[in-house]
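Working notes, structure below.
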Amino acid sequence: MATPPPSSPRRLSLLQADAALQRPQVNPVDLRSLEYVDPYDHNLMCAICHSPFVCPVRLECDHVFCQRCVNDAMSYQDRDSRVYIVSCPSCRRKIENRAIAPVPKILSHILDDLRVKCPLEFLGCPEVTARGDVQDHVDKYCAYAEVECSSESCLLTVLRKDLVKGGCLHRVVNCEDCERSFMEKDLEIHRLRHCEVVESSCPDCNVPVLLRDIKVHIERCPNAILLCNAAEYGCAFAARRETLDEHLNTCPLAKLVPFLRLQNERLEAHEAALKLLRHKNSILETSFSTIQETLSPSANLIDAPSSSATASDTGPFDSTAHHLLCLHESLREEVSRVSAAVSEVDAKASMMVMNESLRIKEDLSHANAAIGSMRMQLHWLMSARLQNQQRVAMVRAQSSGEGLTSSADAGSSSGSVELPVRRLSDSTRQDTKL
Amino acid sequence: MFASKRLGKELTKIHQTLPPGISLVSASDFKEWQMDIKVLDANPLYLDQTYRLRFRFSNNYPIEAPEVTFITLSSPSRTVPTHPHIYSNGIICLDLLGTQGWSPVQNVESVCMSIQSMLTGNTKNERPPGNEEFVARNTQRPRDIRFVYEDATV
Ligand SMILES: [Zn+2]
Ligand SMILES: [Zn+2]
Ligand SMILES: [Zn+2]
Ligand SMILES: [Zn+2]
Ligand SMILES: [Zn+2]
Ligand SMILES: [Zn+2]
Ligand SMILES: [Zn+2]
């Protein structure tokens, strides 16, 4: 995969000079795709590409990634976000300062010392080298690296190991056996591996066989030297096919093979289950210890001597049970204490309510008395007014000879005299009450 | 190239060990994998059910999120689990799978575990609001749909 070309100066600031990648090279090796010979510490693994760090860089949050991995991730984030904020792929913290921090030299040294296979292993190169040297190996020594053809007029490439054959290897030649045409450089591979007509010989019986048939022949060859079926379980017997059949009838190990195989499978299954259980157990243990921590203050309240005395003469399981029982007991005490406190609070509250209601009752009776006296007052006033009206009617009957207007005047004047009297009496009563 | 290297490494690890309830069904290439997941606790909504997840990877994985959906099969019987964030066509509304929520440090196993725990914690036997309309109209690829992740409990 090629890194997308940097398209903004911001990204360039992150992409600091990468010395290894800037050296002019015919064929830069992508160190992230190498195959590692030995298992490596998982702490050296980049979380993005899942291979050991290549040119590691450290972000502000102290997370480390390959430079190219973090660049790829960030340019992808850039493409998507309009606000130009990027965050750490691991912890999602915002990265304010895109300048990268170097990692300690020792980390680079450890990484450079990891043993890797030559990237051209698929062509046949058996080389295993330190990762720091693999570029050098491919550039200068690898027999399977492509180099320019030794012929000056030819622009094609050949494998380095074929240079010694001299001359241009790009002339077209025919395979002697199958008559198909190849470039000279490819002929050797063809005749070794692919040609269907070339004759080879069986390594066991020396009978000439066609190359394409040799696999089938080796499986059936009566002279082939075969190992006992139980070879992986320790039988060292090896013989030609017919003799082996006889051996298989007598070899005790061979008879055990199906059984052993079953056992192995079972063992593996058990190991896997055990691993799972161990994992679960560790999770449970941590949660148990956190529970214990939260419970510990109340555990201190427990009567210590009694619990330790019983714990000493019973097994560890009983002591835990006992411990839990003690916890339970102390919790029960706590609960009873709490309920006592609650009932006390309850009594207090009901006393308060009673006092309050008594006071309110008193107030109510006061108010009732006041209302009664007001009713009396009203009664008296109403009767006074009725008397007044009767008097007015009598006066009107006496002066019936006079005009209607004067009688109306007298009525209104008598009303206006009465009102101020009532108001006065009202206000004086209120004053006394207050 | 980068994607297949990374997926190759994940596959090696998956063949060695996988969390309980998660299993690999097929991974014949580095374009599409299928995984089966089960809900382990006794959530009555998903009891004794196995669901099939389909992962599709672009060449830019893990920089780009994989496309993860539930698929329906007749044999073995696989359905789309009912969940307020899973549409009936299998599209999952999980911020981890969107362009914004994805991080290249995630992997197939961690995605499966997130989806598993999303099912484990669910108590509502319902589809997302507007499910029918969404299923009938949507032609976008799941990754490009901009869901609104309105609640943080997903
Ligand atoms: Zn990396
Ligand atoms: Zn971080
Ligand atoms: Zn080599
Ligand atoms: Zn040539
Ligand atoms: Zn040939
Ligand atoms: Zn033979
Ligand atoms: Zn034997």
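The values are calculated or read from the model by the stated rules, or taken from the named source; none is laboratory data. These numbers come from a predicted model, not from an experiment. Don't worry about glycine lacking a Cβ; one is built from the backbone with ideal geometry, like all the others, and counts go over all protein chains shown.
Would you say B:Leu24 is away from every other protein chain (no Cβ under 14 Å) and on the phi < 0 side of the Ramachandran plot? So B:Leu24 fits the description; yes. Only a single item in (1) at pLDDT 90 or above; (2) within 29 Å of A:Ala272 (Cα to Cα); (3) within 14 Å of chain A (Cβ to nearest Cβ) is not met by B:Tyr46, and it is number (3). Residues in segment B:64-95 that are touching a helix residue (DSSP H, G or I) at 6+ places or on another chain (Cβ under 8 Å) and over 28 Å from B:Ala3 (Cα atoms): B:Pro81, B:Thr82, B:His83, B:His85, B:Tyr87, B:Ser88.
The condition of being near ligand 3 (Cβ under 8 Å from one of its atoms), more than 14 Å from chain B (Cβ to nearest Cβ) and touching a residue at least 60 places away in the same chain (Cβ under 8 Å) holds for only one of A:Glu127, A:Glu121, that being A:Glu121.
With respect to A:Arg32, determine if the residue is at negative phi and either part of a loop (DSSP other than H, G, I, E, B) or modelled with pLDDT of 50 or more (or both). It is true that A:Arg32 is at negative phi and either part of a loop (DSSP other than H, G, I, E, B) or modelled with pLDDT of 50 or more (or both). For segment A:237-336, the helices (runs of 4 or more DSSP H) that sit wholly inside it and include 1 or more residues that are modelled with pLDDT of 90 or more and either more than 14 Å from every other protein chain (Cβ to nearest Cβ) or surrounded by 10 or more Cβ atoms within 10 Å (Cβ to Cβ) (or both) are A:252-300.
For segment A:216-235, filtered to residues that are outside any helix (DSSP H, G or I), over 47 Å from the mean Cα position of the chain (by Cα) and more than 8 Å from ligand 7 (Cβ to nearest atom), the residue that is nearest to the other protein chains (Cβ to nearest Cβ) is A:Leu227. List pairs: first residue in segment A:225-238 and on the phi > 0 side of the Ramachandran plot, second residue at pLDDT 80 or above anywhere in the structure, Cβ distance under 8 angstrom, at least six positions apart or on different chains. Matching pairs, first to second residue: A:Gly234/A:Leu253.
Taken together, the residues in segment B:59-104 that are of a type in the set (Asp, Glu) and facing chain A (nearest Cβ under 10 Å) amount to 1.
Checking each residue in segment A:151-174 for being assigned to a strand (DSSP E or B), surrounded by 14 or more Cβ atoms within 10 Å (Cβ to Cβ) and not hydrophobic (A, V, I, L, M, F, W, C) picks out only A:Thr157.
Counting residues in segment A:125-138 that are closer than 27 Å to A:His63 by Cβ, surrounded by fewer than 15 Cβ atoms within 10 Å (Cβ to Cβ) and at pLDDT 85 or above gives one or more.
Restricting attention to segment A:175-200, the residues being within 16 Å of ligand 6 (Cβ to nearest atom) and surrounded by fewer than 13 Cβ atoms within 10 Å (Cβ to Cβ) number 1.
Among the strands (runs of 3 or more DSSP E) confined to segment B:1-103, the ones with at least 2 residues that are crowded, with 19+ Cβ neighbours inside 10 Å are located at B:32-38, B:50-56, B:67-71. Checked against (1) within 12 Å of chain A (Cβ to nearest Cβ); (2) more than 14 Å from the chain's Cα centre (by Cα); (3) modelled with pLDDT of 90 or more, B:Asn107 meets all criteria but (2). Of the listed requirements (1) away from ligand 3 (no atom under 16 Å from the Cβ); (2) surrounded by 14 or more Cβ atoms within 10 Å (Cβ to Cβ), A:Glu148 misses just one: (2). Exactly one residue among A:Ile95, A:Ile106 is within 14 Å of chain B (Cβ to nearest Cβ) and either closer than 21 Å to A:Val57 by Cβ or exposed (fewer than 14 other Cβ atoms within 10 Å of the Cβ) (or both), and that residue is A:Ile95. The residue that is nearest to the other protein chains (Cβ to nearest Cβ), counting only those in segment A:47-74 that are over 19 Å from B:Asn59 (Cα atoms) and part of a loop (DSSP other than H, G, I, E, B), is A:His63.
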